[in-house]
1. Show the residues, 5+ positions off or on another chain, whose built amide H is closer than 5 Å to the amide H of residue 121.
2. Can you compute 3J(HN,Hα) from phi for each residue in segment 262-273, using the Karplus curve 6.51 cos²θ - 1.76 cosθ + 1.60 with θ = phi - 60°, rounded to whole Hz and x for Gly and Pro?
3. In whole Hz, what ³J(HN,Hα) sequence does segment 228-234 give by Karplus (6.51, -1.76, 1.60; θ = phi - 60°), x for Gly and Pro?
4. At 1.4 Å probe size, with every protein chain present, just tell me what the per residue accessible area of segment 206-251 comes to in Å².
5. Per-residue HN-Hα couplings for segment 87-102, Karplus 6.51 cos²θ - 1.76 cosθ + 1.60 at θ = phi - 60°, whole Hz, x for Gly and Pro?
6. For a protection proxy built on the mean count of beta-carbon atoms within 10 angstrom, sort 174-184, 98-108 highest first, please.
7. For residue 243, what residues show an amide H to amide H distance below 5 Å, using hydrogens built from the backbone and excluding near sequence neighbours?
8. Going highest first, how would you order 202-212, 251-261 by mean Cβ packing within 10 Å?
Amino acid sequence: MADDLGEEWWEQQPAGAASSPDASDGEEGDTEMTQQETAPVPASSKKGKQPKECFLIKPKDIKEDSKKTRKRRKKKITDVLAKSEPKPGTPEDLQKLMKDYYSSHRSVIELEELKLPDSCFLKANDLTHSLSSYLKEICPKWVKLQKNHSEKKSVLMLIICSSAVRALELIRSMTAFRGDSKVMKLFAKHIKVQEQVKLLEKRVMHLGVGTPGRIKELIKQGGLNLNPLKFLVFDWNWRDQKLRRMMDIPEIKKEVFELLEMGVLSLCKSESLKLGLF
């Protein structure tokens, strides 16, 4: 009879009312998944901050890049000279450099006194000459001139350049011109001033090749007399590894102008001395 009652009770229950524990768990799981899918997802803090971080980083990068590009684009004197075509020096170039150099501390009258006459300039090198061919052109009677020279502590021709290395190059390149002439090295490298003074006192020299600083020092110490000097040639057009000419180097330019004031300008005005730009 108990079995009959059990069957009647089971048949009276609505479909789906009784279920096993596993079924109830499944329904709860479905409910939770539905809630997770339908519930709004709050925006994460990382996604909200990310645009701000990108916005702050990019301008810094742009500024740093622009600074780097500015530094790279800054032109140097070597870049300018490398692109420019080589032009031979002219007497006007020397006159202009003198005016610019002295204008800050000389009066107008003094500047006029420093101006050199056109007659004191020799024909400038047009960049087609070697040193020997240029010297032969400006001084065709060199052999006769050097034979008649017998004064010590002096030279007939001075060639002024920017360094001792360049002076040695010039001495080697002028063998076709100098002949039997005695050449004096007038630079400071490995040679003391007193040694040069003694050598000038003992021997008759015809040519001097060196730097303006050492030539100035020899004049100060009485080792070199400029009065017998007939030709003064500047190594004007040659450029060093940095593409600088001798007058592009501030120290050399300063010494050149100081040398000119130590008797060279007065000799030029008296027309006993000629200037050349090689």
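The values are calculated or read from the model by the stated rules, or taken from the named source; none is laboratory data. Note that the structure is predicted; figures quoted are calculated from it, not measured. Counting neighbours? That spans all protein chains shown, and the Cβs are built from the backbone with ideal geometry, glycine included. In case anyone asks, the SASA skips ligands and DNA or RNA and just uses the protein heavy atoms, side chains included. Shrake-Rupley method; radii C 1.70, N 1.55, O 1.52, S 1.80 Å.
1. 275
2. Once rounded to whole Hz, the list reads 8, x, 5, 4, 5, 5, 5, 5, 7, 6, 8, 10.
3. Result, ordered by residue: x, 5, 10, 9, 10, 10, 8 Hz.
4. For segment 206-251, the per-residue accessible area is 39 Å².
5. 10, x, x, 10, x, 5, 4, 5, 4, 5, 4, 5, 5, 5, 5, 8
6. Working: 174-184: 15.9, 98-108: 11.8.
Averaged packing, sorted descending, gives the order 174-184, 98-108.
7. Distant-sequence amide H within range of residue 243: zero hits.
8. Numbers: 202-212: 20.8, 251-261: 17.1.
Packing proxy ranking, top to bottom: 202-212, 251-261.
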